[in-house]
Amino acid sequence: MAYSDYTSLQKLTVELGITHKRQNLFHVINPINPSQKLMDDISEAQAYYSLITEKAKSEFLITPILKEVKRTHVDNISVFSGVMLETHRNGLNGFCDFILTAIADSVEMCAPICCVVEAKNRSIEEGFAQCAAEMFAALLFNQQSEIKTDLMFGCVTNGYEWHFLKLIEGCVLIDTQRFFLNDLAAILGIFQLIISQS
């Protein structure tokens, strides 16, 4: 089943047995100041580009932030965009907007996946179930590669708002806090936490 078919958290529970609840995921965040390059890229995007489509937001707001995450973790991660993620169990398949793996400079996506980022155009709540299904598939992908892990992170964003999720022991935890584009240091700090736990 395609990830985009998961349009509600209830469907996620019925079909995959994944429950959900809200929880504060990050008690202590050490902010990471964004580089001048990232600040310039974001300012330029807001000044010169029409950011009304999901694709535009992905290219001009989300991608520069993930590029910054890669720059600050050049020896720890790879970032993939628009890649197919399918598993042999549950028939889950589809393209993920962005996937972070804990392997540096990999040409092809390989385990371990540590975070899935789902882009949405409008309300980010509409992406919670889809992102959770992708996180579940990423866990299965890791397990198929004989990587023992029961933890996966995810994020749903429209470029301006960033909402983080954590899947563990069959429950997707949805952060009680939402982060905004004007708080880039906190967003980068959260990615630092995710990578350090992977």
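The values are calculated or read from the model by the stated rules, or taken from the named source; none is laboratory data. Keep in mind that this is a model prediction, so the values were computed, not measured. Backbone-built Cβ (ideal geometry, glycine too); neighbour counts: all protein chains shown. Areas reflect the complete protein model, heavy atoms only, side chains present, ligands, DNA and RNA absent. Shrake-Rupley method; radii C 1.70, N 1.55, O 1.52, S 1.80 Å.
Of the residues making up region 1-40, those that are closer than 29 Å to HIS73 by Cβ and of a type in the set (A, V, I, L, M) are ILE18, LEU25, VAL28, ILE29, ILE32, LEU38, MET39.
Scanning region 59-85 for residues that are open to solvent by 70 Å² or more (accessible area, probe 1.4 Å), free of Cβ contacts under 8 Å to residues at least 40 places away in the same chain and within 17 Å of CYS114 (Cα to Cα) returns LYS67, ARG71, VAL74, ASP75, SER81, MET84.
Rundown of residues vs (1) within 17 Å of LEU167 (Cβ to Cβ); (2) in contact with a Gly (Cβ under 9 Å, 6 or more places away or on another chain); (3) surrounded by 14 or more Cβ atoms within 10 Å (Cβ to Cβ), yes/no style:
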position	(1), (2), (3)
TYR3	yes, yes, yes
ARG22	yes, no, no
PHE26	yes, yes, yes
GLN36	no, no, no
ASP40	no, no, no
LEU51	no, yes, yes
CYS96	yes, yes, yes
THR101	yes, no, yes
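Number of residues in region 136-164 that are within 29 Å of ALA45 (Cα to Cα) and without any contact (Cβ under 8 Å) to a residue 60 or more places away in the chain: the value is 7. Of the helices (runs of 4 or more DSSP H) lying entirely inside region 19-106, those containing at least 3 residues that are over 16 Å from the mean Cα position of the chain (by Cα), farther than 24 Å from LEU151 by Cα and not acidic (Asp, Glu) span 36-48.
Of the residues CYS114, CYS110, the single one that is touching a residue at least 12 places away in the same chain (Cβ under 8 Å), touching a Ser or Thr at 6+ places or on another chain (Cβ under 8 Å), surrounded by fewer than 17 Cβ atoms within 10 Å (Cβ to Cβ) and not charged (D, E, K, R) is CYS110.
Restricting attention to region 107-120, the residues that are closer than 20 Å to LYS148 by Cβ and in a loop (DSSP other than H, G, I, E, B) add up to 4. When region 107-141 is limited to residues that are over 13 Å from the mean Cα position of the chain (by Cα) and charged (D, E, K, R), the one that is farthest from THR53 (Cα to Cα) turns out to be GLU108. Residue pairs whose Cβ atoms lie under 9 Å apart, sitting 6 or more positions apart in sequence or on different chains, and linking a residue in region 39-58 that is within 14 Å of LEU181 (Cα to Cα) to a partner that is in a loop (DSSP other than H, G, I, E, B) and charged (D, E, K, R), are LYS57/LYS120.
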